[in-house]
Amino acid sequence: MMHLSSIKYPLQLKFKITTLANDFTVKDNSGKTIFYVREKLLKIRDHVKVYSNTSKEVQLYDLVSNKLIDFQQTFTITNSKQQVIGKVRKKTFQSFVKVTYNIQNPNGELEYTIREKSALVRFFDSIFGELPIIGFFSGYVFHPQYFVKDANRRTVMKLEKKPSFWGRKFTIEKLTSNPINEEQIILSLMLLILQQRSRG
């Protein structure tokens, strides 16, 4: 498991706008880069690669979809040793109202649920973003939040979109002092960001 004891929350996630790829960097609150996340384009199946930094010299994880289309997808998460460390499944029907993802252990058993806080924020962000010119400022008006709950419905982490052009910035906060699977949760939240960035 990834060693996270030295990471300082909140994590800062920032998309690059100078590349054609769907990619972003993750830094902890000390400014240290801990991940570079990049979605591979022109692939038959959705495929996300996670590196230690932007040099892409050290790959840490793969997240690969089990389906060709974005419908009830389950992504399998493997580490650098090709070991399955977990899965994350998008709940398509529930996500029409509020974005919902289930985080599973390697055996497919539910461990955590990611759920959007407000369906209205998602709706208005999507509408506002389609308007000519002023749509560029939607990132400064609406700030969707996503909460991670464990099997006992206790909130353990939060992802929030921050004020920025084109939805470039997000933060991840840890909301509990109890032991949790931070590795699996953070990877699942990063996948959610790649898929939901343009949708609020």
Where residues in segment 108-121 are open to solvent by 90 Å² or more (accessible area, probe 1.4 Å) and assigned to a loop (DSSP other than H, G, I, E, B), which of them is modelled with the lowest pLDDT? K117
Six or more apart or on different chains, Cβ under 7 Å: which pairs go from a residue in segment 1-18 that's over 26 Å from V84 (Cα atoms) to one that's at pLDDT below 70 and not in a loop (DSSP other than H, G, I, E, B)? Could you list them? I17/W166
Qualifying positions in segment 169-200 - open to solvent by 30 Å² or more (accessible area, probe 1.4 Å), of a type in the set (G, A, S) and not in a helix (DSSP H, G or I): S177
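The values are calculated or read from the model by the stated rules, or taken from the named source; none is laboratory data. A quick note: this is a predicted structure, and the numbers were derived from the prediction, not measured. As a convention, Cβ positions derive from the backbone with ideal geometry for all residues, glycine included, and neighbour counts pool all protein chains shown. Just the protein is used for accessible areas: all its heavy atoms, side chains included, with ligands, DNA and RNA removed. Shrake-Rupley method; radii C 1.70, N 1.55, O 1.52, S 1.80 Å.
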